[in-house]
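First the structure, in the form of structure tokens, and then the observations on it.
The values are calculated or read from the model by the stated rules, or taken from the named source; none is laboratory data. Keep in mind the model is a prediction, meaning the values are calculated, not measured. Cβ placement follows ideal geometry from the backbone for every residue including glycine, while neighbour counts extend to all protein chains displayed. Side chains included, ligands, DNA and RNA excluded: accessible areas come from the protein's heavy atoms. Shrake-Rupley method; radii C 1.70, N 1.55, O 1.52, S 1.80 Å.
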Amino acid sequence: MANHYDRNPFAEEEEVNPFADGGGKSKGQSKFSGGAFYTTSSVPPATNSRLSPLPHEPADFYDRDVPVDIPLDSSTELRRKEEAAARAGIVIEAKNWPPFFPIIHHDIANEIPVHLQRLQYVALTTFLGIFACLLWNIIATTTAWIKEGDVKIWFLSIIYFISGVPGAYVLWYRPLYRAFRNEGAMKFAWFFLFYLLHIAFCIFAAVAPPVVFRGKSLTGILPAVDLIGKQVLVGIFYFIGFGLFCLESVLSIWVIQQVYMYFRGSGQAAEMKREAARGALRAAI
């Protein structure tokens, strides 16, 4: 009968770490104790190694109570920009006219030389005059539309107003203002060109020949005479418009004469010729 010894179920066993050896094998010796063989591991226990912990984040890293500095004083920033622009030689023109609703920069008393201020004020009067003429033209054509039933002349008067008033400021009043302020010779050329067109339009409107819708889209003398026999009120409105356009034409002719006399006497004509010659030379090169 073969010697066979069963394992003693009451014998103490040593714990064997299967991961102690890199290859997963354990080496040991067999020992007999209490009628049973058991194996004792000869491999030293594995070293208990730990990774170093990550550094902790500061407590207020995501703190919602930390105040954030947001500059809210826009006026201070604006002043800094204005001072920087002034140091760089950039002129910032503040809007100050008309006083009740400023949309443009306009300061004759402080920016126009004293000897030119009177002429500039009269030029401003002609600018306001064309505004008044075209506004009254809308009123007169409105009465004609109601009495005559022709809405086309009213639409034309609206077009004259919304294109004529801004066009007058941009094309001839502002060039004259800047020419007087900066003594720019080429700005005088722009003024003379478009102011002559302005005078031609005022004279045309004062006559109002029957070219466009029998001339009734403008309050001139010809439609006024024609309407006074049909609709007295409409005819009176047209005669008032005729007087406004006549006054505007006379003042405008005086302004262009005075500006031309100053232009010739101040030597700006020769300067404009030199600037035109330099511009032509640059264009040719």
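From (1) under 37 Å from the mean Cα position of the chain (by Cα); (2) surrounded by 16 or more Cβ atoms within 10 Å (Cβ to Cβ); (3) without any contact (Cβ under 8 Å) to a residue 60 or more places away in the chain, pick out the condition that doesn't hold for Pro166.
(2)
Those residues that are in a helix (DSSP H, G or I), farther than 16 Å from Ile108 by Cβ and open to solvent by less than 40 Å² (accessible area, probe 1.4 Å), I need them from the range 176-190; list them, please.
Ala185, Phe188, Ala189
Which one of Ala84, Ala123, Ala132, Ala94 is open to solvent by less than 20 Å² (accessible area, probe 1.4 Å) and either out of contact with any Leu (no Cβ under 6 Å at 6 or more places or on another chain) or over 29 Å from Gln231 (Cα atoms) (or both)?
Numbers: Ala84 fails: open to solvent by less than 20 Å² (accessible area, probe 1.4 Å); Ala132 fails: open to solvent by less than 20 Å² (accessible area, probe 1.4 Å); Ala94 fails: open to solvent by less than 20 Å² (accessible area, probe 1.4 Å).
Exactly one of Ala84, Ala123, Ala132, Ala94 is open to solvent by less than 20 Å² (accessible area, probe 1.4 Å) and either out of contact with any Leu (no Cβ under 6 Å at 6 or more places or on another chain) or over 29 Å from Gln231 (Cα atoms) (or both), namely Ala123.
Under 8 Å between Cβ atoms, which residue pairs at least 6 apart in sequence (or on different chains) link something in the range 110-132 that is closer than 13 Å to Trp172 by Cα with a partner that is part of a helix (DSSP H, G or I) and of a type in the set (S, T, N, Q)?
Thr126/Ser252
What is the residue count in the range 231-256 for residues that are of a type in the set (A, V, I, L, M, F, W, C) and free of Cβ contacts under 8 Å to residues at least 24 places away in the same chain?
Going through the range 231-256, the residues of a type in the set (A, V, I, L, M, F, W, C) turn out to be 232-234, 236-237, 239-240, 242, 244-247, 250-251, 253-256.
Retained after the next criterion (residues that are free of Cβ contacts under 8 Å to residues at least 24 places away in the same chain): 232, 236, 239, 250.
Summing the residues that are of a type in the set (A, V, I, L, M, F, W, C) and free of Cβ contacts under 8 Å to residues at least 24 places away in the same chain in the range 231-256 gives 4.
Output the residues belonging to the range 91-142 that are hydrophobic (A, V, I, L, M, F, W, C), in a loop (DSSP other than H, G, I, E, B) and over 12 Å from Phe180 (Cα atoms). Before the answer, list the steps.
Within the range 91-142, the first condition is being hydrophobic (A, V, I, L, M, F, W, C), and the residues that meet it are 91-92, 94, 97, 100-101, 103-104, 108-109, 112, 114, 116, 119, 122-124, 127-128, 130-136, 138-140.
Subsequent filtering for residues that are in a loop (DSSP other than H, G, I, E, B) retains 91-92, 94, 100-101, 103, 112.
Correct list: Val91, Ile92, Ala94, Phe100, Phe101, Ile103.
Which of the residues that make up the range 213-222 are touching a residue at least 24 places away in the same chain (Cβ under 8 Å) and open to solvent by less than 60 Å² (accessible area, probe 1.4 Å)?
Of everything in the range 213-222, those that are touching a residue at least 24 places away in the same chain (Cβ under 8 Å) and open to solvent by less than 60 Å² (accessible area, probe 1.4 Å) turn out to be Lys216, Ser217, Leu218, Thr219, Gly220.
Taking the range 129-153 as the region of interest, how many residues are among the aromatic types (Phe, Trp, Tyr) and under 16 Å from Leu233 (Cβ atoms)? Quick ask: steps written out before the conclusion?
Residues of the range 129-153 that are among the aromatic types (Phe, Trp, Tyr), as a first pass: 131, 136, 145.
Restricting the remaining residues to those that are under 16 Å from Leu233 (Cβ atoms) gives 136, 145.
Final tally of qualifying residues: 2.
Checking Leu196 against (1) out of contact with any Ser or Thr (no Cβ under 9 Å at 6 or more places or on another chain); (2) free of Cβ contacts under 8 Å to residues at least 60 places away in the same chain; (3) open to solvent by 60 Å² or more (accessible area, probe 1.4 Å); (4) not β-branched (Val, Ile, Thr), which single condition isn't satisfied?
Unmet condition: (2).
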